[in-house]
Structures are given as structure tokens and as C-alpha cells.
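See structure below.
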Amino acid sequence: MTVRYNRAVLLALALLTLGSVAAMADPPSIVARLNLVEGAVSFHPGSLDEWAPAVLNYPLTAGDHLWTEEGSRAELHAGSAVIRMDGGTEISFLNLDDQAVQVGVTQGRVNVRLWQLDPGDNVELDTPNAVVTLQEPGSYTVTVQDEQTTMVAVRGGQAEVSASGNDFTVPAGQVANLSGSGSIAYYLTPLEPPSPWDAWYGSRDSREQRLASFQYVPRGMIGAEDLDDNGSWLVLAGYGPCWVPHRVAPGWAPYKFGRWAWVAPWGWTWVDDAPWGFAPFHYGRWAFVTGRWVWVPGTMVARPVYAPALVVFVGGGPGDPNASGIGWFPLGPREVYVPPYAVSTTYVQRVNVTTVNITVENIERINVTQVTYVNRTAPYAVTAVPRQMFTAGRPTGGNTISFTTEQARRAPIIGMGATVSPQRESVIFNSQAAPAPRPPAQVVGRPVFGRLVPAPAPVPFSPHPAPLAPVTVYQRPPQVLAPQAPPVRQSAPVVINPMRPGQPFQPQGQPPAMRPQPPQPMQPQPPQPQPPAMRPQQPQPVQPQGQPQGMMRPPQPMQPQQPQPVQPQGMMRPPQPMQPQQPPTMRPQQPQAQPMQPQQPPAMRPQQPQPQPVQPQQPPAMRPQQPQPQPVQPQQPQQPPAMRPQQPQGQGDRPEGQPQPQGPGERPQVQPQGQGERPQVQPQGQGSQSEKDKDNQGRGRAQSLLNDLKNHTLPDVQRKLDAARNNPNSRVDVNAFARQLDAARSALNDAQSTLSKGNVDAALQQAQAVQRQLADLDRQLSGGG
């Protein structure tokens with residue numbers, strides 16, 4: 001009777017909180033990334049009832065399982081925790097979010113290297129007869145032989161073990177041996193000499209300790225562990241530290257070689273083919289600089305927020321949103337990512353803070369279809385594939401639809417989420433192939449004990465073949481969430497079944513990522529009549545300690561998660577011109593709105609030089625009015641629009657402004673795209689001068705800038721570098737500066753070659769990039785850097 005009563009209480013709590021929590025909670029800021037596979041490793045998504053071969057770079061979240069066959073090994077990263085699996089091991093993620101990493105270990109051997117543990121964080125390993133809580137950074141190994149035998153080895157740090165009502169501490173250098181189920185016996189012994197398993201994960205730890213990438217990105221950035229071996233770091237003026245990949249294929253561009261997966265709650269998620277292909281595709285931005293793609297991680301923050309894919313989707317055919325294909329291109333620096341899934345305004349700020357710091361007022365006015373995206377016409381930037389290939393999770397590398405630059409300009413912007421519904425293959429790649437190895441049935445169904453309340457069971461996947469309507473405008477109401485409550489921790493361990501299936505879900509016809517109003521897509525009202533959807537509230541196995549009353553009441557602290565005040569305040573006003581990343585040409589007839597765009601680069605407002613001092617993140621090229629070395633255009637201060645400062649990646653013209661009805665030609669003095677009284681820099685020929693005159697003027701400006709850089713700026717910087725080399729008290733890294741100077745010299749030669757081929761705009765862009773780089777070197781050598 002007691003168990004039945006407590007179960008009813010839990011079901012009532014689940015029904016009260018499920019709708020509000022699902023609709024209100026932001027998605028987690030971390031996932032787990034499978035970065036190393038040795039042998040046969042199988043993956044079981046929480047939303048499907050089948051196993052498949054695990055895929056590198058696939059993001060895992062709460063409800064997912066992994067299994068390693070005998071003789072196989074795997075390594076995962078989840079925030080600042082590294083999880084390594086030996087052969088014959090099955091794990092599941094019971095919790096994986098900003099505050100809790102809870103892993104169920106039903107069989108095998110797992111090592112966890114915890115690099116950092118912030119206040120309020122919880123890392124817990126749950127086994128069939130004990131709960132292991134990691135209390136300090138260190139190295140921990142948990143071995144589960146069967147339902148009644150567990151060993152906990154602590155090589156560094158300290159762990160707390162809870163078993164059968166007994167809580168005890170395992171210090172560094174000790175091993176806890178536990179046996180039994182209803183009544184647990186345990187004893188501590190010193191660590192034994194390192195085994196081959198210890199040597200393997202120890203070598204992995206040593207490798208990560210030597211990584212240089214963590215000088216530029218935080219330890220919690222998932223995927224940064226593979227950057228050192230596959231690329232190099234350099235510092236570019238206006239961007240800061242940048243990473244450049246090595247050995248990429250001809251015609252390579254970001255988000256070109258990989259596939260798309262449907263991963264709840266984010267929706268469409270990019271899974272890259274490259275072994276290093278995680279961090280550069282889920283954090284930061286990409287820029288095309290001096291003829292190559294570089295990854296710009298942006299400002300370093302303690303906890304970067306994971307994003308499924310930082311891209312903009314376009315129609316699959318030139319000018320036709322209903323074409324059979326779908327395309328995308330990467331976001332550039334200082335361009336705002338507007339999540340296509342339901343989130344709060346606080347989340348939008350957090351996911352963009354490394355690249356651009358936007359305000360709540362600006363978030364309300366972002367119209368993603370009216371932004372001039374700098375990478376839209378970059379070389380090879382747009383990738384497009386047939387929709388069937390997109391939803392089937394097939395590799396995109398050699399099966400793309402060819403897009404010319406003009407077609408890319410005319411393709412309509414859909415938004416930052418794809419407008420197609422997922423299939424079963426979108427969740428688990430190649431599901432029709434031969435069955436993947438799976439753990440024994442007794443291992444899969446084995447319950448574990450835990451003290452943290454697990455996340456709700458994933459909703460079973462249910463596809464809907466109908467395509468979705470495009471999401472063109474950010475129309476979500478400005479939600480302000482209450483502070484996230486800490487994870488609920490039981491006073492005593494409770495029984496958890498990691499493989500408990502979720503409840504049937506009746507689809508609404510649209511994936512939640514595609515709905516403009518977040519409360520509707522995130523409300524799981526259909527599953528409410530099926531109360532077992534809340535995993536932690538169903539501890540059917542009675543605890544062997546004989547204390548069911550204490551086990552059955554843990555979810556009560558979750559009641560504060562019902563913030564009724566969040567109500568939609570009506571649709572946003574997407575047509576307003578208040579867009580932090582949109583150049584002012586989008587609304588030339590409303591100059592009064594300019595002061596409310598804190599993210600606009602000053603170069604877009606040549607008549608307002610006063611905001612320049614408060615833009616530390618803008619590259620020097622964004623300030624053409626300044627006489628300092630930073631400006632990109634000293635030789636043509638009369639024509640700032642020609643410099644296109646908002647395009648440091650080398651994109652000359654801004655054709656995106658053409659389809660907009662704002663009226664090119666009105667108020668031409670505030671249109672940096674050149675639609676007005678500056679026709680001489682317009683490759684489209686808008687203006688009064690002839691094409692020949694414009695070409696000659698552009699060629700003359702480019703050649704003048706190249707001559708000035710070669711004959712004056714470059715020799716000046718070289719002299720300062722030689723002086724620093726001969727100064728025994730100088731602290732300048734002469735070799736590093738020499739390498740950058742050589743790179744600038746080579747880039748100048750490339751720009752001269754580009755100009756000789758008749759590509760005036762590209763040559764001018766390259767020369768401007770070199771000018772910024774030389775100005776930065778000059779400033780640093782002069783003591784200003």
C-alpha cells in the first residue's frame with residue numbers, strides 16, 4: 001500500500017510539472033561527445049528502441065546509451081569530465097546538463113578524469129549496488145563485475161560512496177571493494193600497481209595536460225581536445241586567436257563534409273566527418289580571411305554554450321524556397337545566432353556572448369531574413385543537398401548541389417533551422433544496415449542506485465513526413481526564466497532503471513524546432529495521460545534497505561520549477577530595423593533607429609564616429625575614419641562605404657540588400673552597400689559612372705594601397721622588428737613576429753597576383769586584411785599591444 005500511495009504522489013507531481021518544465025526550460029549547455037573509438041562501439045538513442053554503430057562527433061544527451069564489445073574502448077567528453085570505457089562496458093546518461101553529469105554503469109569498467117568541479121556541480125556514477133559521487137577533480141575508476149560486486153579506485157581526488165545506508169569516503173590512493181545487494185559489505189585497500197588499462201587512460205590524461213588549445217578556449221569547450229593535432233593557432237587583427245585546420249580537401253568549407261542528425265531537444269544537428277570536427281562547428285564562428293577559412297572562437301568564457309549548428313539555411317534552388325534541395329552556409333564573426341528551438345532571451349544572450357553581446361531589446365527585433373551575412377558569397381560557403389539525403393542522415397561531401405555566387409545571392413533565407421521533418425534515419429544513421437553489437441539482455445535491464453533524480457525519459461521518436469513552413473522571423477516572446485533550481489539529491493539512494501522506455505507520443509505535425517511560438521511546441525500535453533514519462537518518479541523496485549517512504553518523495557523540491565508568470569506577451573515586431581547584426585542599409589529611411597544598435601560597427605555609420613571607443617571587439621578595419629594605423633582605408637577617407645568594413649572575410653559586394661524593398665537610392669549617404677551616390681564601388685553598376693571608370697578607379701585604389709604597404713608600412717614594421725631583435729631587454733617574441741611578417745609579405749604577393757588577374761574587389765579585400773595585420777604588428781612592436 002505504501003508503494004502504491006507514493007507512486008500516485010509522484011504521478012501527480014509529474015502531471016503538474018511536466019508541461020511547465022518542458023515549455024520553460026532551456027536546453028542544456030553541454031552534451032557528451034564521442035571522440036575516440038577503438039573496436040566495436042554501439043549507440044542506443046533514448047528516443048529509439050534499437051542499437052546502431054556509434055558515430056564519432058555525434059552529440060549524446062540524457063537517455064542515450066553506449067556499449068563497448070570485449071576488446072574495444074571508447075572515450076567521451078562532457079564539459080570538463082572525460083569518460084573512458086573499457087571493453088564489455090555499458091553506460092547510460094541519466095542526467096547531462098549545466099549542473100549534473102549522472103552516468104549509470106551497469107557492467108564493465110569506466111574511468112572518469114574530472115579536470116574541474118565548480119561549486120554546485122554534481123558528477124555521479126550509479127552502479128547496481130552503490131552510488132559514487134565525485135567530490136574533487138581527479139581520476140576515478142569504477143568497475144562493475146555483476147549486480148553485487150563493485151570496485152571504486154581513486155588515483156586522484158576524493159569520492160563518496162553510498163551503499164545500503166552506509167556513506168563513506170574513498171581518498172586518493174585507495175580502492176573500495178563492495179559486495180552484496182540488500183546488505184553491503186565493503187573494505188578499503190591500497191591501489192595496486194598500474195595495469196595496461198591504467199597506462200592507457202594515463203597516457204590520454206598526459207596528452208590533454210599538454211594541449212596548447214586551452215590557452216585560447218576554456219577547458220569546458222567540448223571538442224577542443226583534438227584541435228592541437230589537426231591545426232594551428234594564430235592571432236589575427238580584429239578577430240583575436242584563430243584556429244586554421246590542416247590538410248583539408250580541395251574546395252573545403254565549414255559544414256560541407258558531414259551529415260545532419262535529429263537530436264532532441266535542439267533538432268537538426270551537424271555531425272562532421274573530420275576527427276577534429278566538433279568544437280569549430282558548435283561554438284564560435286568561421287571567417288574567410290586571406291584566401292582561407294579560419295575558426296574564430298571569440299571571447300573566452302567560463303562555460304560556453306553548445307549549439308547544434310551555427311549556420312543559416314537557404315532554399316535549395318535559386319530563388320525557389322520550394323525546390324527539392326536545401327542549403328546552408330556558416331555564420332560569420334559578430335553575426336547573431338537565433339536558435340530555431342524554443343529558448344529564453346537569457347539563453348540567446350549566453351549562446352552568443354563569445355561572439356557578440358546583445359540585449360533583450362535587440363533580440364526582439366532580429367529578423368534573420370534581413371541580415372547581410374558576410375559568408376553568403378564566400379568561396380564554396382553554400383552547401384546544398386537533396387532533401388531526401390538531408391533527412392536520411394547521408395554524408396554530404398560528394399553529393400552536393402552546385403551553387404554559383406549569383407545563385408547563392410538569390411536563394412531565399414529560410415532561417416537558422418531546416419524546414420524539413422526528420423525520419424528514423426535522422427536519429428540513428430544507417431539503421432537498415434546489419435545489427436550492431438548489443439549488451440546482454442540481463443545487463444541492459446539491470447537497475448542501478450542513484451541519489452540524483454534523473455532527467456525525464458526521452459520522448460519516443462515519431463516522424464512526420466510533411467514539410468514544415470519556413471521560419472523567417474524571430475517571433476518568440478521575451479521569456480525571462482527563474483533561476484535554475486539545483487539538482488534534486490535524495491537523502492538515500494533510490495533504484496533507477498536506465499532502460500525504462502518512454503511513453504507513446506502523438507506528433508503535432510511539426511518538430512518543436514520549427515515553431516515560432518515556443519509554448520506550443522514544447523508543451524508535451526499528449527503524453528500527460530501516461531504518467532510514467534517521468535523516469536525518476538517510477539522506482540518500482542523497492543529499495544532493499546526497507547525504507548520506501550524516504551525513497552518515494554524526492555521530486556517534491558522540483559515544485560519551484562513551475563513559474564506561471566511566463567506568458568506569451570504577443571508576437572514580436574520582426575520588421576523593426578533594430579537588428580544588432582544587420583547593417584543600416586536594411587532600413588535607410590529610418591536613421592533615428594541607429595543609436596539603438598550597439599552591435600553595429602562604427603564604419604556603418606560614417607557620420608557618427610563617437611561610438612568607436614566602446615567597440616573593443618571590432619577589427620581596426622571597421623574604423624575607416626580614424627587616422628591611426630588600425631584604419632584599413634587611409635588612402636580613401638572620402639569614401640568609407642567602399643571599404644566594406646563589415647566584411648573582413650573578403651566578401652566584396654553585398655548583394656543581399658537587393659531583394660529588400662527598403663528602397664535603394666533613398667538616403668544613399670547611409671548605405672554602405674553602395675546603393676546610392678557611391679556607384680564607383682558597385683560591381684553591379686548602380687550609379688552614374690560607367691563600368692570602365694569604376695573598374696579603373698577600383699584598380700587604382702587597390703594598386704595604391706598595395707604600393708603603400710610594400711614600400712612604406714612593411715619596411716617600417718621590419719625595421720621595428722630588427723630593432724627588437726637587437727635589443728637584449730626586449731620581451732618581444734621575435735620569431736613569432738617574424739613568422740607573421742612573412743605571412744603578411746606572402747599575402748601581399750597574393751593580393752598583387754589577384755589584382756593582375758582583374759579581380760579588383762578581391763585584391764582590395766586582401767590588401768585591407770594585410771593592412772590590418774601590419775597595423776596590429778606595428779602597434780605591438782611599438783608597445784601598444
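The values are calculated or read from the model by the stated rules, or taken from the named source; none is laboratory data. Please read all numbers here as calculations on a predicted model, not as lab measurements. Every residue, glycine as well, gets a Cβ built from its backbone with ideal geometry; the counts of neighbours run over all protein chains shown. Each accessible area value is taken on the protein alone, full model and side chains, heavy atoms only, with ligands, DNA and RNA left out. Shrake-Rupley method; radii C 1.70, N 1.55, O 1.52, S 1.80 Å.
Taking only region 755-785 into account, find how many residues are within 34 Å of the chain's Cα centre (by Cα), small (Gly, Ala, Ser) and either farther than 17 Å from Leu234 by Cβ or not in a loop (DSSP other than H, G, I, E, B) (or both). Before you say what the answer is, go through the steps one by one.
Taking region 755-785 as the starting set, the residues that turn out to be within 34 Å of the chain's Cα centre (by Cα) are 761-777, 779-780, 784-785.
When the remaining residues are screened for being small (Gly, Ala, Ser), the result is 762-763, 767, 769, 775, 784-785.
If we keep only those that are either farther than 17 Å from Leu234 by Cβ or not in a loop (DSSP other than H, G, I, E, B) (or both) as well, we get 762-763, 767, 769, 775, 784.
Number satisfying all stated conditions: 6.
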Members of region 89-113 found to be closer than 14 Å to Glu75 by Cβ and among the hydrophobic types (A, V, I, L, M, F, W, C), listed by number: Ile91, Val103, Val110, Val112
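Out of the residues in region 398-418 that are modelled with pLDDT of 80 or more and under 15 Å from Ser324 (Cβ atoms), state the one that is surrounded by the most Cβ atoms within 10 Å (Cβ to Cβ). So that I can check it myself, show each step before the final result.
Initial filter on region 398-418 (modelled with pLDDT of 80 or more): 411-418.
Next cut, under 15 Å from Ser324 (Cβ atoms) only: 411-412, 414, 418.
Working: Ala411: 25, Pro412: 19, Ile414: 25, Ala418: 29.
The selected residue is Ala418.
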Checking Thr133 against (1) open to solvent by 10 Å² or more (accessible area, probe 1.4 Å); (2) under 25 Å from the mean Cα position of the chain (by Cα); (3) modelled with pLDDT of 95 or more, the condition it does not meet: (2)
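Mind checking which residues of region 4-46 are among the hydroxyl-bearing types (Ser, Thr, Tyr) and at pLDDT below 50?
Here is the first cut: in region 4-46, the residues among the hydroxyl-bearing types (Ser, Thr, Tyr) are 5, 17, 20, 29, 42.
Tyr5, Thr17, Ser20 - these are the residues of region 4-46 that are among the hydroxyl-bearing types (Ser, Thr, Tyr) and at pLDDT below 50.
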Criterion violated by Gly450 - all others in (1) assigned to a loop (DSSP other than H, G, I, E, B); (2) touching a strand residue (DSSP E or B) at 6+ places or on another chain (Cβ under 6 Å) satisfied: (1)
Residue within region 68-90 that is free of Cβ contacts under 8 Å to residues at least 24 places away in the same chain and open to solvent by less than 10 Å² (accessible area, probe 1.4 Å) present: yes
Residue tally, condition open to solvent by 40 Å² or more (accessible area, probe 1.4 Å), under 28 Å from Gln116 (Cβ atoms) and assigned to a strand (DSSP E or B), over region 282-304: 0
Some residue of region 747-754 being outside any loop (DSSP other than H, G, I, E, B), modelled with pLDDT of 80 or more and among the hydroxyl-bearing types (Ser, Thr, Tyr): yes
Evaluation of Trp276 against (1) out of contact with any strand residue (DSSP E or B) (no Cβ under 8 Å at 6 or more places or on another chain); (2) open to solvent by 10 Å² or more (accessible area, probe 1.4 Å) (one fails), failing number: (1)
Close pairs from region 35-56: first within 13 Å of Glu425 (Cα to Cα) and touching a residue at least 40 places away in the same chain (Cβ under 8 Å), partner among the basic types (Lys, Arg) and open to solvent by 40 Å² or more (accessible area, probe 1.4 Å), Cβ under 6 Å, at least 6 apart: Trp51/Arg438
Conditions (1) assigned to a strand (DSSP E or B); (2) open to solvent by less than 10 Å² (accessible area, probe 1.4 Å): number failed by Arg259: (2)
Wholly within region 305-405, strands (runs of 3 or more DSSP E) carrying at least 2 residues that are touching a Pro at 6+ places or on another chain (Cβ under 8 Å): 311-315, 325-330
Hits in region 419-433 - residues which are at pLDDT 75 or above and open to solvent by 60 Å² or more (accessible area, probe 1.4 Å): Arg424
